[in-house]
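Working notes, beginning with the structure itself.
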Number of protein chains: 2
Amino acid sequence: MKIIRSVREMQIFAESERGRGRRIAFVPTMGYFHEGHLHLMREGRRRGDCLAVSIYVNPAQFAPTEDFEAYPRDFERDRRLAEEVGVEVIFSPDNREMYPEDYQTYVEVEGVTNNLCGISRPRFFRGVTTVCTKLFHIVKPHVAVFGRKDFQQFVTIKRMVQDLNMDIEVIGISTTREPDGLAMSSRNVYLNPGERESALSLSRSLNIANELYKKGERETALILREVRKFIAGHPYVQIDYAQICDTATMKDVPRIEGETVLALAVWIGKTRLIDNHVFGEPLDI
Amino acid sequence: MKIIRSVREMQIFAESERGRGRRIAFVPTMGYFHEGHLHLMREGRRRGDCLAVSIYVNPAQFAPTEDFEAYPRDFERDRRLAEEVGVEVIFSPDNREMYPEDYQTYVEVEGVTNNLCGISRPRFFRGVTTVCTKLFHIVKPHVAVFGRKDFQQFVTIKRMVQDLNMDIEVIGISTTREPDGLAMSSRNVYLNPGERESALSLSRSLNIANELYKKGERETALILREVRKFIAGHPYVQIDYAQICDTATMKDVPRIEGETVLALAVWIGKTRLIDNHVFGEPLDI
C-alpha cells in the first residue's frame, strides 16, 4: 500500500493507473476509521481496480467554534485497517499542500445546502464541496463512495458532480450502526457513558417515525412532534434540527410523498450527532 | 472535424482520446472567430495531438443588462475557420445541456476577481469560472489556451486551476491586433465608423503609458492621469476603469514594481471594450 502526501505525486499515480486502463475507486475520509468507513472501502474495492482513500481533516469545513483541533486522529491505526481491507493508496496531504497561503477558490452548491446543516453550519458545505472538488482532481476517480449517514452532504456532492459535469459515478452507502442502533461516527468517542445512552435517542426516534409511517401516517408535523418529544425526554440533549425533507431539493415537506428523508442533528452534551432515515427504505434498528 | 452537442458524447470522445495516449489541447470560445481566436487554436495545435474548441455563449457570465442576446454568432463561418486551422472537434452545446432547470453549483475565485471587471460586472467571473470548470470536466484537456486580452480572466482561470488542483496546463497568448492597433474582439462589429476611430484611444493610450515607462516613469498615478486624459479626449467615450495592478493579486499599486499590468475598460458608445499592457513586455502598436 502506498502512502502519498503530495498532490503532484498522487496525480501522476492516478494518471498512470488510468493510462493502464485501471478503474479508480475513491473513498474520501477524515480518518479515524470505524466499521462504516470500512464498509465504504469494501464497496470501493468491488467497484474499482485500484482503491484510493484520502485521510484529511479538512479545515475549510469547520467553523472556528467547532472541533477541528479536537477531531480524533490515529494515522497508524487507519493505515493498518486500510491495508487489511485492500486499499492500494492512501492520499494524506497536510494543510499547506491543500490550502497554500494565497488560496482563494471555492465551489458552492446553492439549493440543496440551504436547509438543515446549511443553517446550523453556514460554511460547512462550501468546505466540503471545495475539498471534494480538489480531491477529485487529485485522485481522478471513476467512482467515489460516500456514506449516507451524512445525507445532505451526499445529496450535495451528487448535485455538484452532476452540475459541474464531473465524470464520476457517486455511490451512497447506507449507515453502519452499533449493535444498539447508534450510527457509527468518529465523533462517538467524545461521548461519556451517560451521553452515549442519550445518543440512542436519535436512532430510536427514527424507528418511532418509521413505525408511524408504516401505520400509514404521512403528515410530517405529526411525525416530527413525536420525534422531538421522544428525543427531548433524554438528558444532555438539545435538538439542533429534526425535519422531513424532499431528497431532491432538501426542502421541508408537509406530507411524505416521493422520496423523503427524516434528518436529525442533536447535541448530546458538547457533541453534535446526525442521523437520518429515508421513508420506505429498510431500517434495522 | 467532429461537431459534438452533447456533454456525454464529448466526455466519451475525450476519454477515448486520452486512453489512446493522445494529448488534448482545448480553446474555450464564445465563437464569432477573429484572427485572435485562430492564433489560440494554432498554439493549441502545436501543444496537443487533438485540438478541441468549444463554441458556447455562456449566459452565466452576462448580466441581464448586458449583450447576451445581441452577442454576434455565426456557427457556419466558425466551423469553416476551425476546420481550416486544424481543429479536430468542436463542442457546442445548447443552454439546456449546460444549465438544466435545477442547476445550482458555482465556482468562485475571490481575491483576484475583486477589482476591475469584478467591480463593473459583479457576476461575470463567477460565470466564467463555473463554465470553464464545466468545460474542463467535459473536454478533459491536458492544456487549455486563453487570450491575454482578457487579462483578469486569464489570471482568474490560472488561479482557479491551481487552487482546485486541476491537472491542466494553462497557456496565455498575447493580444492579436488590427493593423492600426485595435485589440481584436468579437464585439468590434458593434462599432460604427466614428466609434471605431475612438476605439483606437485604448491601444494608443497603452502606447503612451509604455513610452512613459520606457523613459523611467514608475508612479502609476502620473501614468494613469495621462492615459485617462488621452482617452477622455475622444468622442463617444466613457472610461469604466483605467488602473495599474499587480498581476499576482490584481490589486492597484502606487508604483510599477514586479509584474504590473495597465488594464483598461472603456465604453465606446454602447460597446464596452477592454485592453491591457504588462509593463516590460513587447507592445507593437
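The values are calculated or read from the model by the stated rules, or taken from the named source; none is laboratory data. Because the structure is predicted, anything quoted here is derived from the model rather than measured. Quick reminder, even Gly has a Cβ in these numbers, built from the backbone with ideal geometry, and neighbours come from all protein chains shown.
Odds and ends about this structure:
- Residue count for segment A:15-66, restricted to those that are in contact with a His (Cβ under 7 Å, 6 or more places away or on another chain) and of a type in the set (Asp, Glu): 0.
- The residues on offer are B:Thr156, B:Thr105, and the sole one that is within 10 Å of chain A (Cβ to nearest Cβ), surrounded by 19 or more Cβ atoms within 10 Å (Cβ to Cβ), under 30 Å from B:Gly269 (Cβ atoms) and modelled with pLDDT of 95 or more is B:Thr156.
- Residues in segment B:159-192 that are within 14 Å of chain A (Cβ to nearest Cβ) and in a strand (DSSP E or B): B:Glu169, B:Val170.
- Restricting A:Ile239, A:Ile268, A:Ile274 to residues that are surrounded by fewer than 20 Cβ atoms within 10 Å (Cβ to Cβ), touching a residue at least 24 places away in the same chain (Cβ under 8 Å) and either among the aliphatic types (A, V, I, L, M) or more than 19 Å from A:Val112 (Cα to Cα) (or both) narrows the list to A:Ile239.
- Number of positions in segment A:226-241 that are among the polar types (S, T, N, Q) and either at pLDDT below 95 or assigned to a loop (DSSP other than H, G, I, E, B) (or both): 0
- The residue that is surrounded by the most Cβ atoms within 10 Å (Cβ to Cβ), among those in segment B:81-102 that are assigned to a helix (DSSP H, G or I) and of a type in the set (Asp, Glu), is B:Glu97.
- Count of residues meeting criterion [among the charged types (D, E, K, R) and within 9 Å of another protein chain (Cβ to nearest Cβ)] in segment B:9-22: 2
- Here B:Glu66, B:Glu43, B:Glu17 are screened, and the one residue that is over 14 Å from the mean Cα position of the chain (by Cα), in the same structural domain as B:Glu83 (by TED's automatic domain parsing) and closer than 22 Å to B:Trp267 by Cα is B:Glu66.
- Going through (1) more than 14 Å from chain B (Cβ to nearest Cβ); (2) at pLDDT 95 or above; (3) in contact with a Leu (Cβ under 8 Å, 6 or more places away or on another chain) one by one, A:Met250 falls short only on (1).
- Only listed residue being in a strand (DSSP E or B) and in contact (Cβ under 8 Å) with a residue 24 or more places away in the chain, chosen from B:Ile244, B:Ile285: B:Ile244
- Single unsatisfied condition, B:Leu135 versus (1) within 13 Å of chain A (Cβ to nearest Cβ); (2) over 17 Å from the mean Cα position of the chain (by Cα); (3) touching a residue at least 40 places away in the same chain (Cβ under 8 Å): (2)
- Screening B:Pro28 on (1) surrounded by 20 or more Cβ atoms within 10 Å (Cβ to Cβ); (2) touching a helix residue (DSSP H, G or I) at 6+ places or on another chain (Cβ under 6 Å); (3) within 14 Å of chain A (Cβ to nearest Cβ); (4) in a helix (DSSP H, G or I) shows it passes everything except condition (4).
- Which numbered condition A:Glu69 fails, given (1) in contact with a helix residue (DSSP H, G or I) (Cβ under 8 Å, 6 or more places away or on another chain); (2) farther than 30 Å from A:Arg18 by Cα; (3) not in a helix (DSSP H, G or I): (1)
- So A:Glu83, is it within 14 Å of another protein chain (Cβ to nearest Cβ) and more than 15 Å from the chain's Cα centre (by Cα): no
- Flag for A:Gln162 being crowded, with 21+ Cβ neighbours inside 10 Å, of a type outside the set (Lys, Arg) and at pLDDT 95 or above: no
- Hits in segment B:108-125 - residues which are within 14 Å of chain A (Cβ to nearest Cβ), polar (S, T, N, Q) and in a helix (DSSP H, G or I): B:Thr113
- Restricting attention to segment B:79-106, the residues that are of a type in the set (Phe, Trp, Tyr) and without any contact (Cβ under 8 Å) to a residue 24 or more places away in the chain total 1.
- Considering segment A:13-69, and only residues there that are in contact with a strand residue (DSSP E or B) (Cβ under 8 Å, 6 or more places away or on another chain) and of a type in the set (Val, Ile, Thr), the residue that is nearest to A:Val89 (Cα to Cα) turns out to be A:Val53.
- B:Gln11 fulfils the conditions (1) in contact (Cβ under 8 Å) with a residue 40 or more places away in the chain; (2) out of contact with any Asp or Glu (no Cβ under 6 Å at 6 or more places or on another chain); (3) of a type outside the set (Lys, Arg) except for a single criterion, (2).
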